[in-house]
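Here the structure comes first, spelled out in structure tokens, and everything after it is commentary.
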Amino acid sequence: MELKLVKVTKSFNQKKAVNNVSFQLGKGVHGLLGANGSGKTTLMRLIVGILQADQGIVKADGKNILKNYDTYTGKLGYMPQHFGYYPNYTVEDFLEYMAVVKDLSLKYSKKRIDFLLKKLNLEDQRKKKMKQLSGGMLRRVGIAQALLNEPEILLLDEPTAGLDPKERIAFRHLIASLAGQCCIILSTHIVSDIESIADDVLVMKDGKIILHDTCEALLEHMQGKVWEVQADQGIYKQLLRDFTIINMHKSADHYLVRIVSDVQPSENAKLLPPDLDDLYMYYFKDA
Amino acid sequence: MNKEHQLSEIFEICGQELDEVMDKYESRHIKNIWRFLKLDMRFYLKSAVLGLGFTMLWCCLFTNAVLSVWSGYFIFLVLLSAYQQYRIKEYDMQEVVAGCYINPARIFCYQSIALALIETFMLVLCYLFLLALTPVELPEFLLKIYIPLCFSQGLLLWLVKYIRHTLVAMGTAAGSYALTIWLANCSQWVLAYTHSICVFVSFIYLLALAKILMSQKEGLWN
């Protein structure tokens, strides 16, 4: 399925949360990267159809999603940032409830729930109540409900919030395994979530998509902007004041500082290969 | 020949696709709505049946206050229905079901119909029980039980979208029920007037519902 946004704008109280956004996405993993408040969740809700755009159209396979909404929802999987659930339902009951609201048949939903519980390592939790699950397990249930109808468009809003590193890696593997089957939009402000799995990245700032390209091409933009400087305490304090520091390592008598800057920060500064963290800090240093 | 072969292949692929869709989605919507209500309203149903058992027991124990006991049971039902219609907000489920076929608007619609049917059934049951136990006059029954129920449910249906807390939802339901009981004791004319407004609002609500169902029929799956 092909998803296309044409000049989509959405305002709240005169403030444009999404401002004239246009892009076209096909199958694969697409990272939506932006600071908190940059408009990612509003954009996701516009794509889901929960919000209606003030201007512009969201199209799926060339058709306005709002004109054929029931058909569109059958092809959609959505995991919101704040994932609500009924605490007294068991995992199995909750997934069955979600299958019913997605209009899935009994036979199909039973088969699919069994499959997803196995795939997401939730089989042992199937009879547990939702209120007894840990944050990571709840996220997995959230992903399972989004995948119930084998969606062609999968929208995941901050899916790794609250996950430990091991769960994060497992989540990345899962998303990578789904990449060939559907169009996945993964909204996050955590760079490492998308660095290794996204086919392309959309960078959102102040409601606008400021960059849209593959990770490699985006990093190409950053060539010559990432520096490493060895500094004593005095110079370090000056660097801290004048430049955007990505990280710092302190050893016995000096500091090793990673800086993102258009100009060489000091004479002894060495150029480094950039990563997405550098790109994020370059664009969101004020956020 | 080649063209015919290609056409038959296309028909076969279309047939397979149709079979998959038929297998995946529920073709009978009533069946799906029934599954939904069984899952969504089981707490309400269990509590309503349990409450009914207790009410009948109390009626046998306190034979001189049968009408009050039943009136109390219907207040309990109204509170339960307030909770039922509010809990999707309480647990933040609106967002996660918003992108589904049975979205919050349809949930509200199906729940309202189911609650009305259950309450009507309980009302008939109550009247038959009262008739069997003690001679009760229909006007008194309508004034003390039926009209307060209609009024409080109607008010709740209208107000629930503005309510942001479970206690307020239940308080509104109980308060409106108590108000109608009080009105019943004050003036039957005021009550008749209130009831006619309820009937009128219900009529408008049903018309709106019919319109929604018609538009759903036009835009049904594929």
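The values are calculated or read from the model by the stated rules, or taken from the named source; none is laboratory data. All values reported here derive from a predicted model rather than from experimental measurement. For neighbour counting, all protein chains shown are included, and Cβ atoms are generated from backbone atoms with ideal geometry for every residue, glycine included. When the accessible area is computed, the model is the full protein with side chains, heavy atoms only, and any ligands, DNA or RNA have been set aside. Shrake-Rupley method; radii C 1.70, N 1.55, O 1.52, S 1.80 Å.
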Next item on the list: Along Cα→Cβ, 7 Å out, is where each label goes; now give me the distance between the ones at B:Met22 and A:Ser11 in nm to one decimal.
Entry: 5.1
Next item on the list: Give the long-range amide H neighbours of A:Ile246: residues separated by 5 or more places, or on another chain, with amide H under 5 Å away, using H modelled in the peptide plane at 1.01 Å from N.
Entry: A:Arg258, A:Ile259, A:Val260
Next item on the list: Out of all DSSP beta bridges with both ends in the range A:133-287, state the antiparallel percent to the nearest 5.
Entry: 80
Margin query: Going by amide H atoms built from the backbone, whose H comes under 5 Å of the H on A:Ser11, apart from near neighbours?
Written below: A:Ala17, A:Asp54
Margin query: Skipping prolines and chain starts, which residues have an amide H placed within reach, meaning under 5 Å, of the one on A:Leu211, given they are 5 or more residues away or on another chain?
Written below: A:Val203
Check: Once you list every other residue whose beta carbon is under 15 Å from the beta carbon of B:Asp23, what net charge do they have if Lys and Arg are +1 and Asp and Glu are -1?
Finding: +2
Notebook entry, point to check: Of the accessible area of the range A:116-194, with the probe set at 1.4 angstrom, what percent is carbon plus sulfur?
Noted result: 50
Margin query: Looking only at the protein assembly as shown, where both bridge partners belong to it, what percent of the DSSP beta bridges are antiparallel (to the nearest 5)?
Written below: 65
Note to self: So, taking all protein chains as they sit and a 1.4 Å probe, how much accessible area belongs to A:Asp199, in Å² rounded to tens?
What the structure shows: 80
Checklist line | Qualifying chymotrypsin sites (Phe, Trp or Tyr not before Pro) for the range B:27-72 [loop in DSSP, other Cβ within 10 Å: at most 12] | finding: B:Phe62
Next item on the list: Give the calculated FRET efficiency between B:Lys38 and A:Leu240 to the nearest 0.05, with a Förster radius of 60 Å applied to their Cβ-Cβ distance.
Entry: 0.45
Notebook entry, point to check: To the nearest 10 Å², what's A:His212's accessible area with a 1.4 Å probe?
Noted result: 70
Checklist line | Value at 222 nm in deg cm²/dmol, rounded to 500, when DSSP H runs of n ≥ 4 in the protein assembly as shown each add -39,500 (n - 2.57) | finding: -17500 deg cm²/dmol
Notebook entry, point to check: Taking only C-alpha pairs under 8 Å that are 6+ residues apart, what is the relative contact order of chain A in percent?
Noted result: 22
Note to self: Give the separation of the Cα centroids, the range A:227-266 to the range B:82-116, in Å.
What the structure shows: 55
Check: Quick one: Karplus J couplings for the range B:24-39, per residue in order, coefficients 6.51, -1.76, 1.60, θ = phi - 60°, nearest Hz, x for Gly and Pro?
Finding: 7, 9, 6, 7, 9, 5, 4, 4, 5, 5, 4, 4, 4, 5, 4, 6
Next item on the list: Scan chain A and report its longest stretch carrying no GluC sites (Glu not before Pro) that are both in a DSSP loop and have at most 16 other Cβ atoms within 10 Å.
Entry: A:3-266
Next item on the list: Add +1 for every Lys or Arg and -1 for every Asp or Glu among the other residues with Cβ under 11 Å from the Cβ of A:Asp213, and state the total.
Entry: -4
Item checked: Nearest-20 debye value, chain A charge dipole, Cβ charges on Lys, Arg, Asp, Glu -> 1180
Notebook entry, point to check: trypsin sites (Lys or Arg not before Pro), restricted to the range A:57-89: which are DSSP loop and have at most 13 other Cβ atoms within 10 Å?
Noted result: A:Lys67
Checklist line | Charged-residue dipole, Cβ positions (Lys, Arg, Asp, Glu), the range A:168-287 about Cα centre, Debye nearest 20 | finding: 340
Note to self: What do you get for GluC sites (Glu not before Pro) in the range B:36-138 restricted to DSSP loop and a cutoff of at most 11 other Cβ within 10 Å of the site's Cβ?
What the structure shows: B:Glu137
Note to self: So if I place +1 on the C-beta of Lys and Arg and -1 on the C-beta of Asp and Glu, and nothing else carries charge, what would the dipole magnitude of the protein assembly as shown be about its Cα centre? I want it in debye, nearest 20.
What the structure shows: 1320
Notebook entry, point to check: At what distance in nm do the modelled label points of B:Ala65 and A:Asp114 sit from each other, each positioned 7 Å from its Cα along Cα→Cβ?
Noted result: 5.5
Next item on the list: Output the pairs from A:Lys4/A:Lys75; A:Lys15/B:Lys89; A:Lys40/A:Lys285; B:Lys3/B:Lys24 with a Cα-Cα distance over 22 Å in this structure; if there are none, say none.
Entry: A:Lys15/B:Lys89; B:Lys3/B:Lys24
Item checked: Whole-Hz ³J(HN,Hα) from phi, Karplus 6.51 cos²θ - 1.76 cosθ + 1.60, for the range A:185-195, glycine and proline x -> 10, 10, 8, 7, 10, 9, 4, 5, 5, 10, 3
Notebook entry, point to check: Which of A:His249, A:Leu272, A:Ile259 sits farthest toward the positive end of the charge dipole of the range A:244-287, with +1 on the Cβ of Lys and Arg and -1 on the Cβ of Asp and Glu?
Noted result: A:His249
Item checked: C-alpha center-to-center spacing [the range A:42-72, the range A:188-205] in angstrom -> 23
Item checked: Total formal charge among the other residues, if their Cβ is under 15 angstrom from that of A:Ile185, Lys/Arg +1 and Asp/Glu -1 -> -1
Check: Computed on protein heavy atoms with a 1.4 Å probe, what is the summed buried accessible area for the chain pair B and A, in Å² to the nearest 100?
Finding: 3200
Margin query: I'd like the accessible area for A:Arg172, computed on protein heavy atoms only with a 1.4 Å probe and all protein chains in place. Round to 10 Å², please.
Written below: 50
Notebook entry, point to check: In sequence order, what are the phi-derived ³J(HN,Hα) couplings for the range B:98-105 according to the Karplus relation 6.51 cos²θ - 1.76 cosθ + 1.60 with θ = phi - 60°, rounded to whole Hz, with x for glycine and proline?
Noted result: 4, x, 10, 4, 8, 8, x, 5
